[in-house]
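The values are calculated or read from the model by the stated rules, or taken from the named source; none is laboratory data. Here the structure is a predicted model, which means the values were calculated and not measured. Quick reminder, even Gly has a Cβ in these numbers, built from the backbone with ideal geometry, and neighbours come from all protein chains shown.
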Amino acid sequence: MSAEVRDPYREHGWWRDETFLDDLRRFARETPDRPALISHRDGEDRVVSYAELASLTENCAIRLAELGVGPGDVVAVQLPNWWELLPLGLACARIGAIFSPLLIIYRRRELDFVLRLTEAKVVVTMGEWEGVRLGDVVAELAAGLPSPPHVLVAGQPGARFFEDFFFGSPAVAGEVPPGAELGPDDPFLLLFTSGTTGESKGVLHSQNTLFASASAYADVLGQDADTVAFISHVATHYSGFVTGMLTSLLRGGSTLILGVWDAPTFVEVAPRYGATTFYGAPNFLVDLLAAQQASPGDLSSLRYVISGSAPIPPLVLERIRAVFDAKVVALWGMTENGATTITRPDDPPDWAEHSDGSPLGGMEIRIDTSVVPASEDGSGLFLVRGPSQCLGYFKREALYASCLDADGWFDTGDLARPDGRGGIRITGRIKDVIVAKAINVPVTEVEDALLRHPLVKDAAVVGVPTESDELVCAVVVPRGEAPSLDSLREHLTGEGFSDLFLPGRLELLGELPRTVTGKVRKVELRAQFAGT
């Protein structure tokens with residue numbers, strides 16, 4: 001990135017010359033006993049102080065160096081919501097490596113793509129997760145690579161290689177090679193999106209692109225050392241790792257983590273530690289409301305309920321305001337730029353029903369109505385640019401360049417309209433995206449796989465809105481005998497897709513509606529099945 005871009009970002013304070021490691025060292029020195037991480041897993045609590053987090057980070061860095069990890073190498077980590085992710089990620093920055101957390105829902109197809117693209121030096125995965133022996137899958141894939149990575153398996157009884165190697169003793173002998181630590185502008189975090197056309201994209205961030213979003217988000221919500229932030233999203237996603245863990249670290253606060261999202265468990269655990277913020281997509285809010293109604297907990301410490309990933313249904317907002325003494329905040333963001341717009345605490349109480357917020361920090365937004373059909377509400381293509389924009393797509397420079405115009409505006413693929421107060425309201429998506437439980441479904445890949453089913457002549461996949469989420473709906477033209485939904489799901493599982501990407505509904509048609517150029521008219525399909 002050129003000095004013409006970097007210097008103004010620093011001048012305005014959107015970027016800095018420090019790193020998250022500097023934050024860690026400062027709080028480990030000033031508030032060593034303050035909880036950095038509070039984890040509830042398998043029925044037990046684990047509190048990691050700032051002093052312990054600093055020690056664990058150094059130990060992990062030494063261990064990674066012992067495995068031959070050095071500057072520019074990729075460390076891929078596929079874990080559920082474990083506190084160990086933060087010291088591992090910071091350890092990568094400590095030795096100059098790139099940290100690549102992987103979604104726990106990834107299976108053979110996604111893992112094979114990621115390992116081949118990144119040429120990861122180390123891969124951490126679970127021995128088994130939801131009935132799938134991920135350790136065996138990764139070991140088999142690794143053995144077939146030109147340069148097989150070190151594979152460390154976690155959570156496997158009788159074979160605690162990962163836990164013992166990184167966290168088995170209070171202190172590890174050795175030292176980190178000098179001069180390797182990442183600077184604020186170096187590539188640091190590699191997050192993979194669930195691609196909507198073709199293969200997934202590896203979004204690459206520096207500590208400064210992450211700082212720009214995290215610091216602006218923390219400013220809006222007034223996060224400080226007394227904040228106890230809870231993120232219901234997976235910790236290997238931008239929301240969980242950056243908006244959750246790194247943002248709390250930035251301000252010397254605490255992050256509360258559940259090993260697996262479970263609303264009743266949150267209602268039970270949160271009062272023990274005084275959770276102050278709850279972040280979750282609308283489906284998580286619905287879970288939270290149901291749990292609080294079934295067995296109320298003392299959640300009076302909650303100051304903010306923040307939601308993104310999809311518009312918040314008005315009924316959900318009304319219930320949140322009625323049940324909790326907390327401000328509801330809506331935001332919009334994506335892996336490429338993190339939280340970009342957000343409603344403000346001084347907005348009207350119901351503003352999150354009407355807006356996805358105004359820009360954070362130095363981010364700029366623009367609505368281009370020239371590339372979409374005219375609409376009464378002023379919707380157009382939503383474009384963004386600014387200091388939290390990613391560095392690019394890992395080893396796919398041309399693809400990333402195709403998302404930018406000559407002035408650096410990034411095409412989000414979303415449609416938005418002005419909210420009347422300097423912000424935006426997302427109204428739809430140009431790109432063919434379905435968001436299920438805050439994760440984008442790779443629609444094109446699912447459709448291609450469906451067409452390989454012997455009883456499928458033609459197929460399209462659309463998202464059908466539910467109360468709080470989107471349901472994956474397969475619209476199929478049968479080839480003779482009609483397939484069942486169960487047979488389609490079984491077929492896709494055999495193709496390597498995770499359960500999250502499987503259709504939950506099947507509709508049969510004699511033919512799919514298409515444009516004159518042969519494209520499926522998915523707007524018609526969504527309209528046809530949305531209310532049925």
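Looking for whichever is touching a residue at least 24 places away in the same chain (Cβ under 8 Å) and more than 20 Å from the chain's Cα centre (by Cα) here; the options are Cys390, Cys473. Which one fits? Write out each step before concluding.
Numbers: Cys390 fails: more than 20 Å from the chain's Cα centre (by Cα).
Testing whether each residue is touching a residue at least 24 places away in the same chain (Cβ under 8 Å) and more than 20 Å from the chain's Cα centre (by Cα) leaves just Cys473.
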Q: Please work out if Val228 is of a type in the set (A, V, I, L, M), in contact with a helix residue (DSSP H, G or I) (Cβ under 7 Å, 6 or more places away or on another chain) and under 28 Å from Ile430 (Cβ atoms).
A: no
(Q) Can you list residue pairs whose Cβ atoms sit under 8 Å apart, with the first residue in the range 17-43 being more than 29 Å from Val260 (Cβ to Cβ) and free of Cβ contacts under 8 Å to residues at least 40 places away in the same chain and the second being among the polar types (S, T, N, Q) and surrounded by fewer than 20 Cβ atoms within 10 Å (Cβ to Cβ)? Count only pairs 6 or more apart in sequence or on different chains. (A) Pro32/Ser49
Q. From the set of residues in the range 254-293 that are in contact with a Lys or Arg (Cβ under 9 Å, 6 or more places away or on another chain) and part of a loop (DSSP other than H, G, I, E, B), which is nearest to Arg29 (Cα to Cα)?
A. Thr276
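So, Arg366, is that one more than 30 Å from Arg116 (Cα to Cα), at pLDDT below 95, outside any loop (DSSP other than H, G, I, E, B) and among the basic types (Lys, Arg) or not? Lay out the reasoning, then the answer.
Details: more than 30 Å from Arg116 (Cα to Cα): yes; at pLDDT below 95: no; outside any loop (DSSP other than H, G, I, E, B): yes; among the basic types (Lys, Arg): yes.
Considered against the rule, which asks whether it is more than 30 Å from Arg116 (Cα to Cα), at pLDDT below 95, outside any loop (DSSP other than H, G, I, E, B) and among the basic types (Lys, Arg), Arg366 comes out as no.
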Q: Count, please, the residues in the range 88-116 that happen to be in contact with a strand residue (DSSP E or B) (Cβ under 8 Å, 6 or more places away or on another chain) and either of a type in the set (D, E, K, R) or more than 28 Å from Phe497 (Cα to Cα) (or both).
A: 5
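Can you tell me which residue is surrounded by the fewest Cβ atoms within 10 Å (Cβ to Cβ) among those in the range 232-268 that are of a type in the set (Phe, Trp, Tyr) and more than 16 Å from Thr19 (Cα to Cα)? Let's see the steps before the verdict.
The first filter runs over the range 232-268 and keeps only residues of a type in the set (Phe, Trp, Tyr), leaving 238, 241, 261, 266.
Restricting the remaining residues to those that are more than 16 Å from Thr19 (Cα to Cα) gives 238, 261, 266.
Values: Tyr238: 27, Trp261: 17, Phe266: 25.
Checking each candidate, the answer is Trp261.
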Q. When you look at Thr427, is it hydroxyl-bearing (Ser, Thr, Tyr), part of a strand (DSSP E or B) and at pLDDT below 85, yes or no?
A. yes
**Q.** Enumeration of residues in the range 497-521 that are out of contact with any strand residue (DSSP E or B) (no Cβ under 8 Å at 6 or more places or on another chain), over 15 Å from Glu447 (Cβ atoms) and in contact (Cβ under 8 Å) with a residue 60 or more places away in the chain
**A.** Ser498, Asp499
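Report yes if some residue within the range 5-24 is hydroxyl-bearing (Ser, Thr, Tyr) and touching a strand residue (DSSP E or B) at 6+ places or on another chain (Cβ under 9 Å); otherwise report no. Before you say what the answer is, go through the steps one by one.
Pass one, the range 5-24, residues hydroxyl-bearing (Ser, Thr, Tyr): 9, 19.
This time we only want the ones that are touching a strand residue (DSSP E or B) at 6+ places or on another chain (Cβ under 9 Å), so: 19.
Scanning the range 5-24, I find at least one residue that is hydroxyl-bearing (Ser, Thr, Tyr) and touching a strand residue (DSSP E or B) at 6+ places or on another chain (Cβ under 9 Å), so the answer is yes.
Among Gly174, Gly183, which is assigned to a loop (DSSP other than H, G, I, E, B), in contact with a helix residue (DSSP H, G or I) (Cβ under 6 Å, 6 or more places away or on another chain) and either closer than 22 Å to Trp82 by Cα or small (Gly, Ala, Ser) (or both)? Before you say what the answer is, go through the steps one by one.
Working: Gly183 fails: in contact with a helix residue (DSSP H, G or I) (Cβ under 6 Å, 6 or more places away or on another chain).
Answer to the check: Gly174.
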Q: Take the range 269-286 and flag every residue that is buried (at least 22 other Cβ atoms within 10 Å of the Cβ), in contact with a Ser or Thr (Cβ under 6 Å, 6 or more places away or on another chain) and among the β-branched types (Val, Ile, Thr).
A: Thr276
Q) Exactly one of (1) more than 27 Å from Ser147 (Cα to Cα); (2) surrounded by 20 or more Cβ atoms within 10 Å (Cβ to Cβ); (3) aliphatic (A, V, I, L, M) is unmet by Ala51. Its number? A) (2)
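Residues in the range 238-253: is at least one closer than 19 Å to Asp298 by Cα and in a helix (DSSP H, G or I)?
The first filter runs over the range 238-253 and keeps only residues closer than 19 Å to Asp298 by Cα, leaving none.
No, the range 238-253 contains no residue that is closer than 19 Å to Asp298 by Cα and in a helix (DSSP H, G or I).
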Q: Inspect the range 470-478 for any residue being closer than 22 Å to Leu103 by Cβ and assigned to a loop (DSSP other than H, G, I, E, B) and give the result as yes or no.
A: no
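Determine if the range 295-318 includes at least one residue that is outside any loop (DSSP other than H, G, I, E, B), touching a strand residue (DSSP E or B) at 6+ places or on another chain (Cβ under 8 Å) and either at pLDDT below 90 or among the acidic types (Asp, Glu) (or both). Talk me through it step by step, then tell me what you get.
Step one: list which residues in the range 295-318 are outside any loop (DSSP other than H, G, I, E, B), which gives 304-307, 314-318.
Then keep just the ones that are touching a strand residue (DSSP E or B) at 6+ places or on another chain (Cβ under 8 Å); that gives 304-307, 317.
Filter once more, so that each one left must be either at pLDDT below 90 or among the acidic types (Asp, Glu) (or both): 317.
Yes; the residues of the range 295-318 include at least one that is outside any loop (DSSP other than H, G, I, E, B), touching a strand residue (DSSP E or B) at 6+ places or on another chain (Cβ under 8 Å) and either at pLDDT below 90 or among the acidic types (Asp, Glu) (or both).
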Q) Is it the case that Ser468 is of a type outside the set (Lys, Arg), modelled with pLDDT of 90 or more, farther than 18 Å from Tyr106 by Cα and in contact with a Leu (Cβ under 8 Å, 6 or more places away or on another chain)? A) no
